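None of the figures in this text is laboratory data; all of them are computed from the coordinates on show. Just so you know, these numbers come straight off a predicted model, no measurement behind them. Every residue, glycine as well, gets a Cβ built from its backbone with ideal geometry; the counts of neighbours run over all protein chains shown.
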Amino acid sequence: MVSAVRTSKPGLLLSSLHERADWSGRWYKRSATGLKYLARAACMPLRHGRFLSFIDEYASMRVYRQRDPRLLERYMHRFVNAHWHRRQRLRYLHQHYRFALAHLPSGLFDLVYALGHASLGSLTAKDGSLLTLCLRPPIFKGCEGELCLQLCDGNEDPLYSIVFTVSDQDASIMIGCLQGPRGENAREMVRELTRMMHGMRPKQLMLSLVYAFARHYGITKLLAISNDAHPLRRTGRPLHSDYDAFWQEQHGKLAEGGWYVLPPTQVHKSEAEVPSHHRSAFRRREALRRQAEQLLINALEQPAPRLPEHRPQALRAAVGRRLPGLRAETSWVS
C-alpha cells in the first residue's frame, strides 16, 4: 500500500520534496524554495509527473536522483540554451536520459551518474607525464548539459571540459560548454598543455572526442551554443570565451535558436598539407588524438561492471557525497 502511494503521481511529487540537498539555507528558506518548486511543477503537472515516473522507473535513475536531486527540477531553471522555454528544457532533459539508458553500457551509466566519475584511461604527454580522460555528470547546479567529458592530469583533476546533451528524438548532440582552467594562470596553463600535446589545442581535442562519440552512435547533427544563447550570458557574470569565433573556425554556421550547426564530420588536415619541417609533430598530434578517441570508444563498447541491484551501504553513502571541487557555476576561459 505504501509503495503504491509512493509510485502514484501525487506520491512521486511528494517524495520529490524529500532528500533535497540542493535546497540550502535555514528551514524557512528551504520551505520557500520547496513552494517555488511545487508552483513550477503545477504549471506543467502532466509533463512533470511523467518525468518523475520516468526517474522512478529505473533503479539507476533513482540512485542518480539521490546523488543529484537537482535533476528533478533542472529544466525549471536556465538550461543549455537561454532561448529555450520550460517545455523545451524538460523535453531535451528527458530525451538525454532516455538515450543514456538505452545506449550507454549499464555499468558506465552507473559509474558516471550514480558514482559521479568514470575514468576512461590515460594518454602520455610530450614530457612523459600522464593525461587522463574522464566522464562525469553535470556539476552541482550546472546548466550547460548532462554529460561532461574531461581531460585531466595524472591525479584526475580537470584541465579541460566539454559538456553536451544528446537528443534521441532528433539524433543530435548539443554542446553547451567548452571550459578550460581557471585563475590568473589559466592562459599559461593552456599554452603549456598545448605544448605537452605536441601543439594540439586542448579545445580541439575535446571537440574531436565529441565527434568520435557522435560517430559511434551514428549521429551527424551537431549543434554548438552561441555566445548570445549561452545560459550564463544573462546572469551578469563575465564570460571569457568567444564561442562564436571557435565554432566559426570549425566551419560552423549560425542557425536559428542561438545554435551553430557544425559539419557532420570534422575536418582534419592531411600530412601533405603540413610543411615538411612540422610533419613529425603533426604525426604525434594525430596519434595522440586517435588514441584519445579510442579510449572513449572502448568505454562506450565494453560494459563496465554493473552496480549490484541491492547496493551495499558503502554505495549508498558514496552516492550522497558531492565530488571534490564541485561548484555552483563554471568559469569560462579560452
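A few points about this structure:
- Average silhouette area of the range 60-120, convex hull of alpha-carbon atoms, in square nanometres: 4.4
- Relative contact order of the chain, taken over Cα pairs closer than 8 Å and 6 or more residues apart, is 18 percent.
- Cross-link reach is defined here as a Cα-Cα straight distance under 16 Å, omitting same-chain residues fewer than 8 places apart; for LYS253 the lysines meeting it are LYS221.
- In a DSSP loop and with at most 13 other Cβ atoms within 10 Å, the GluC sites (Glu not before Pro) in the range 139-192 are GLU184.
- In terms of its alpha-carbon gyration tensor, the range 168-228 comes out oblate; a/c meets the 1.5 threshold, while b/c is at least as large as a/b.
- Along the chain, longest interval not containing exposed chymotrypsin sites (Phe, Trp or Tyr not before Pro), exposed being DSSP loop plus at most 16 other Cβ atoms within 10 Å: 218-334
- Whichever lysines have a C-alpha closer than 18 Å to that of LYS36, once near sequence neighbours (fewer than 8 apart) are set aside: LYS141
- Lys/Arg +1, Asp/Glu -1 at C-beta; the range 85-319 dipole; positive extreme among ALA292, PRO264, LEU133: PRO264
- At least 20 Å along the helix axis (C-alpha) and Kyte average at least 0.0, DSSP helices within the chain: 202-216
- Added length on full extension, which subtracts the Cα-Cα distance from 0.36 nm per residue, ALA21 to TYR58: 11.2 nm
- Estimated purely from DSSP H runs of n ≥ 4, each contributing -39500 (n - 2.57), the mean residue ellipticity at 222 nm for the chain is -12500 deg cm²/dmol once divided by its residues.
- Whether the chain is rounded, prolate or oblate, judged on the alpha carbon gyration tensor where a/c under 1.5 counts as rounded: prolate
- Antiparallel content of DSSP bridges confined to the chain, in %, to 5: 90
- Built amide H within the under 5 Å cut-off of ARG78, gap 5+: none
- Set of lysines near LYS269 by C-alpha distance (under 19 Å), chain-local residues within fewer than 8 positions excluded: LYS203
- Here is the list for the range 164-217: trypsin sites (Lys or Arg not before Pro) lying in DSSP coil, each with at most 16 other C-beta atoms within 10 angstrom of its C-beta, are ARG182.
- For the range 1-133, radius of gyration divided by Kirkwood radius, i.e. Rg to Rh on alpha-carbons: 1.06
- Relative contact order for the range 56-117: 41 percent, from Cα pairs under 8 Å spaced at least 6 residues apart, divided by residue count.
- Springs join every pair of Cα atoms under 10 Å in this Gaussian network model of the chain, and among VAL163, VAL63, VAL267 the largest mean-square fluctuation is at VAL267.
- R0 of 30 Å, Cβ-Cβ distance ARG98-ARG40: FRET efficiency to nearest 0.05: 0.85
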